[in-house]
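Undergrad: Take a look at the following structure, please.
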């Protein structure tokens, strides 16, 4: 009889706890954490300015970059991890040498905050591939890795709210109120522009270049077909949508904007489809990221919870990790077996995530 | 329940208060900003302003912002918000341990609506900041010329929790009185303070909790009593017979009036009749009378057509007694007189001039409603939904306390345009249950608002 009882007992798949490889802290709010492309360093940018590079294996401080006064707003690694770019409230972007912590270049663009910086992740040996895009106020610029201004595009009609390079391409996407536009370094005018009356806050380009997804202030997510400019609008989010992440296959887009991770399946069309809903967060999602190549999705929320999901397999989290205060930054390493999560207090943890 | 309230308070404590400073160019915003920053209040303040370089103290942060106003559509709510504020406040919140207070200075010509609405619609901003109040500076000397040529100055006054009548040293006291009276008519809910060089107690402008539901009835009900839909009343001892009401020409081609029997000319008798008269004045379809057409004491609103020369209307009195005539416009201005059948003028026993609330030039006004009784919740919901959908554009601020049928607790609300925020508050206890509401806005229809609300009351 005991055997029968065993068979009938429900299989309890309690989510595992994610093991902590190491943890450390800065004494400020981390506006960004980012794992270097070679997985050896983790950059942690403080809201007040300094950017600390930590050795990804030991957790020791590797070096401290001065950053921007009175605040750093964004950071971006170049493709081979030898350079880090940062943008800040001093109206400049800086390019730092990671090897010795020196400042390689200062890109000056006026008084507006440099809210967005993005190195093209294309990489390779061609020097012209290593381009840095910055957005400050209404102005989008492209710089060489040496800090030479390559192009200043005509002013956007309103502040540039997000930028992103298309994966594997020399093509940049910018968002501003009412407009999504794509740009190339070789010309002033936009390649394409898509219009919609609303405030676009975040961009995610699908790796296969079929879609550009945007998250919006009016609690919607849009899918733009890059070829035709056709636009699908997904409504019903309780808050603005800042968090978007594509999986490596371009089939799934994970979205935040609520306490549920909503994953759209784009195999056919997300239109009219019912998204996967990953439930287990206790408050609004603060960050979302799929693995670089795998199908695991990490998410964090305002209570400090980090959850690891395999959305296509289960709507329940497979592993959890809890911090005492709001989780504000998240980054996978390039080998997809660990992620770093940071809380608003400045503490951050490197978590094991074996697939 | 106690735990929930405590939790709410804990969350509230973490919200950084934000004060919005509005006022025309030259009204003294920069002077006030500098005063706030240099005052020894122990606060670390971040300032979001539209011009750089005018203010700044070492420990504070001054951020230049370009006002970017966008329309936002979210379901049935359509409103304008300041996108730049969402971005900048979002960034400041990442440094919140370093700031206790945020000041937002708007441009001189700004409509405060989008700034205020920003604090209602964005999830992050709502969670981490709270709009404390809107402080409007008025240049007591030059504002007169702006009243006529701009809507913005009226909007800034209408939205304000506190209005500083600044530069009073440059103006005659009687002039300031007149200005204050005019501003009071536009916004009955604001605190008005007279200042020179923007010298003001910080406690009067910071941490005032102007948008806090706990303070929704910072409204002084005595202000409401000042408001009447008529400007004049005259009390006459009339014998039975046909008398004559004579009116001179005036700015308007018509004059609304009410004639009622009254017990005597005492204050108590007057007070009773005033309420009835106010109700009659909210009638939508008055009884129209042309010259020589007869009037009579009745619970109805008369509308007299006036001519270029004095117009005469017979008043038919069946029972001798004391009667009161309430007139829409001033009795002196329109030369209102009563004559008996023998053409002899009857002097009023008593005449009262009321402050005009429906002033002819002001498009921005306040409408106060203060009525005992209970509302029917479904009717109230319908009324508010329709009101905000149809007239929300013209309602700048609203706040109040409502008595809802079968609920032991007061219901408090406040709002900006179509955005409504309300919840049950403390129990009524032994206090008399009544409803007190204030609407401040443009082209508000007093009668429609009053009648609409009265229709929500349980019969």
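The values are calculated or read from the model by the stated rules, or taken from the named source; none is laboratory data. On a predicted model such as this, the values are computed, not experimentally measured, just so you know. Neighbour counts are summed over all protein chains in view; Cβ atoms, including those assigned to glycine, are modelled from backbone coordinates with ideal geometry.
Undergrad: Of (1) modelled with pLDDT under 75; (2) out of contact with any helix residue (DSSP H, G or I) (no Cβ under 9 Å at 6 or more places or on another chain); (3) at the interface with another protein chain (Cβ under 10 Å from one of its Cβ atoms), residue B:77 satisfies all except one. Which?
TA: Exception for residue B:77: condition (2).
Undergrad: I'm checking my understanding of the structure. Among residues of segment A:195-234 that are closer than 15 Å to residue A:161 by Cα and exposed (fewer than 14 other Cβ atoms within 10 Å of the Cβ), which one is nearest to the other protein chains (Cβ to nearest Cβ)?
TA: That would be A:197.
Undergrad: Oh, and also: Take segment A:178-194 and flag every residue that is within 14 Å of another protein chain (Cβ to nearest Cβ) and either touching a helix residue (DSSP H, G or I) at 6+ places or on another chain (Cβ under 9 Å) or not in a loop (DSSP other than H, G, I, E, B) (or both). Step through it out loud before you land on a result.
TA: Within segment A:178-194, the subset within 14 Å of another protein chain (Cβ to nearest Cβ) is A:178-179.
Hit for segment A:178-194 is A:179, nothing else.
Undergrad: Still on this model: Looking at (1) part of a loop (DSSP other than H, G, I, E, B); (2) at pLDDT 85 or above; (3) closer than 27 Å to residue B:298 by Cβ, find the lone condition where residue B:250 falls short.
TA: For residue B:250, the failing item is (2).
Undergrad: Name the residues in segment B:11-23 that are more than 16 Å from residue B:85 (Cβ to Cβ) and at pLDDT below 90, would you? If you could, list the steps in order and put the result at the bottom.
TA: Initially, segment B:11-23 is screened for residues more than 16 Å from residue B:85 (Cβ to Cβ), giving B:11-14, B:23.
The answer is B:11, B:12, B:13, B:14.
Undergrad: Collect the residues in segment A:238-247 that are out of contact with any strand residue (DSSP E or B) (no Cβ under 7 Å at 6 or more places or on another chain) and either buried (at least 17 other Cβ atoms within 10 Å of the Cβ) or touching a residue at least 60 places away in the same chain (Cβ under 8 Å) (or both), keeping them in residue-number order. Walk me through it before giving the result.
TA: Step one: list which residues in segment A:238-247 are out of contact with any strand residue (DSSP E or B) (no Cβ under 7 Å at 6 or more places or on another chain), which gives A:238-239.
Within segment A:238-247, A:239 is the sole residue that qualifies.
Undergrad: Also, I was wondering about something else. What are the pairs with Cβ atoms under 6 angstrom where one residue, in segment B:335-347, is touching a residue at least 60 places away in the same chain (Cβ under 8 Å) and the other, located anywhere, is surrounded by 13 or more Cβ atoms within 10 Å (Cβ to Cβ) and part of a loop (DSSP other than H, G, I, E, B)? Sequence gap at least six, or different chains.
TA: B:335/B:248; B:346/B:340
Undergrad: Separate question: Look at residue B:313 and say whether it is in contact (Cβ under 8 Å) with a residue 60 or more places away in the chain and in a helix (DSSP H, G or I). It would help to see each step written out before you state the result.
TA: Details: in contact (Cβ under 8 Å) with a residue 60 or more places away in the chain: yes; in a helix (DSSP H, G or I): no.
It is false that residue B:313 is in contact (Cβ under 8 Å) with a residue 60 or more places away in the chain and in a helix (DSSP H, G or I).
Undergrad: Pick out the one residue from B:265, B:269 that is in a loop (DSSP other than H, G, I, E, B), surrounded by 15 or more Cβ atoms within 10 Å (Cβ to Cβ), over 21 Å from the mean Cα position of the chain (by Cα) and at pLDDT below 90. Can you show your working first?
TA: Details: B:269 fails: in a loop (DSSP other than H, G, I, E, B).
Every option except B:265 fails the conditions.
Undergrad: Just one of B:69, B:88 is within 12 Å of chain A (Cβ to nearest Cβ), modelled with pLDDT under 85 and within 27 Å of residue B:26 (Cβ to Cβ); which is it?
TA: Numbers: B:88 fails: modelled with pLDDT under 85.
Answer to the check: B:69.
Undergrad: Can you tell me which residue among B:357, B:327 is buried (at least 18 other Cβ atoms within 10 Å of the Cβ) and modelled with pLDDT under 85? If you could, list the steps in order and put the result at the bottom.
TA: Details: B:327 fails: modelled with pLDDT under 85.
Within the list B:357, B:327, the selection yields B:357.
Undergrad: Are there any strands (runs of 3 or more DSSP E) wholly within segment A:93-162 with 3 or more residues that are under 21 Å from the mean Cα position of the chain (by Cα) and within 14 Å of chain B (Cβ to nearest Cβ), and if so which?
TA: Numbers: elements: A:103-108, A:114-119, A:132-136, A:139-143, A:149-152.
In segment A:93-162, the matching strands (runs of 3 or more DSSP E) lie at A:114-119.
Undergrad: Could I ask something else about it? Based on what the data block shows, is residue A:331 under 13 Å from residue A:352 (Cα atoms), away from every other protein chain (no Cβ under 14 Å) and not in a loop (DSSP other than H, G, I, E, B)? Before the answer, list the steps.
TA: Working: under 13 Å from residue A:352 (Cα atoms): yes; away from every other protein chain (no Cβ under 14 Å): yes; not in a loop (DSSP other than H, G, I, E, B): yes.
When the stated conditions are applied, residue A:331 passes them.
Undergrad: Is it the case that segment B:94-108 has a residue that's at the interface with chain A (Cβ under 8 Å from one of its Cβ atoms), closer than 25 Å to residue A:218 by Cβ, surrounded by 22 or more Cβ atoms within 10 Å (Cβ to Cβ) and at pLDDT 85 or above?
TA: The answer is no, given that none of the residues of segment B:94-108 is at the interface with chain A (Cβ under 8 Å from one of its Cβ atoms), closer than 25 Å to residue A:218 by Cβ, surrounded by 22 or more Cβ atoms within 10 Å (Cβ to Cβ) and at pLDDT 85 or above.
Undergrad: Sort through B:228, B:215 and tell me the only one that's in contact with a helix residue (DSSP H, G or I) (Cβ under 7 Å, 6 or more places away or on another chain) and modelled with pLDDT under 75.
TA: On the way: B:215 fails: in contact with a helix residue (DSSP H, G or I) (Cβ under 7 Å, 6 or more places away or on another chain).
Just one listed residue meets the conditions, B:228.
Undergrad: With the structure loaded, tell me whether residue A:49 is within 14 Å of chain B (Cβ to nearest Cβ), more than 17 Å from the chain's Cα centre (by Cα) and at positive phi or whether it fails that test.
TA: Working: within 14 Å of chain B (Cβ to nearest Cβ): yes; more than 17 Å from the chain's Cα centre (by Cα): yes; at positive phi: yes.
Spelling it out, residue A:49 is indeed within 14 Å of chain B (Cβ to nearest Cβ), more than 17 Å from the chain's Cα centre (by Cα) and at positive phi.
Undergrad: Using the structure shown, decide if residue B:136 is away from chain A (no Cβ under 11 Å), out of contact with any helix residue (DSSP H, G or I) (no Cβ under 6 Å at 6 or more places or on another chain), at pLDDT 80 or above and farther than 25 Å from residue A:160 by Cβ. Walk me through it before giving the result.
TA: Values: away from chain A (no Cβ under 11 Å): yes; out of contact with any helix residue (DSSP H, G or I) (no Cβ under 6 Å at 6 or more places or on another chain): no; at pLDDT 80 or above: yes; farther than 25 Å from residue A:160 by Cβ: yes.
No: the conditions fail for residue B:136.
Undergrad: Residue by residue through segment A:144-173, note down the ones that are farther than 21 Å from residue A:192 by Cα and surrounded by 14 or more Cβ atoms within 10 Å (Cβ to Cβ).
TA: Of all residues in segment A:144-173, those farther than 21 Å from residue A:192 by Cα come to A:144-149.
Matches in segment A:144-173: A:144, A:145, A:147.
Undergrad: Can you name every residue in segment A:76-92 that is within 14 Å of chain B (Cβ to nearest Cβ) and part of a strand (DSSP E or B)? Working first, answer last.
TA: The initial filter retains those residues of segment A:76-92 that are within 14 Å of chain B (Cβ to nearest Cβ), namely A:87-91.
Answer for segment A:76-92, where residues must be within 14 Å of chain B (Cβ to nearest Cβ) and part of a strand (DSSP E or B): A:87, A:88.
Undergrad: Let me ask something else about it. Would you confirm, using the coordinates I've provided, whether residue B:288 is in contact with a helix residue (DSSP H, G or I) (Cβ under 8 Å, 6 or more places away or on another chain), closer than 19 Å to residue B:246 by Cα and in contact (Cβ under 8 Å) with a residue 12 or more places away in the chain? Give the steps one after another, and end with the answer.
TA: Numbers: in contact with a helix residue (DSSP H, G or I) (Cβ under 8 Å, 6 or more places away or on another chain): no; closer than 19 Å to residue B:246 by Cα: yes; in contact (Cβ under 8 Å) with a residue 12 or more places away in the chain: yes.
Here the answer is no, as residue B:288 does not meet what is asked.
Undergrad: Can you find even one residue in segment B:36-46 that is in contact with a strand residue (DSSP E or B) (Cβ under 7 Å, 6 or more places away or on another chain), within 13 Å of chain A (Cβ to nearest Cβ), closer than 23 Å to residue B:204 by Cβ and modelled with pLDDT of 85 or more?
TA: Taking segment B:36-46 first, the residues in contact with a strand residue (DSSP E or B) (Cβ under 7 Å, 6 or more places away or on another chain) are B:36-37, B:43, B:45-46.
After this cut, where a residue has to be within 13 Å of chain A (Cβ to nearest Cβ) as well, the list is B:46.
Subset that is closer than 23 Å to residue B:204 by Cβ: B:46.
Okay, now just the ones that are also modelled with pLDDT of 85 or more, so B:46.
Yes, some residue in segment B:36-46 is in contact with a strand residue (DSSP E or B) (Cβ under 7 Å, 6 or more places away or on another chain), within 13 Å of chain A (Cβ to nearest Cβ), closer than 23 Å to residue B:204 by Cβ and modelled with pLDDT of 85 or more.
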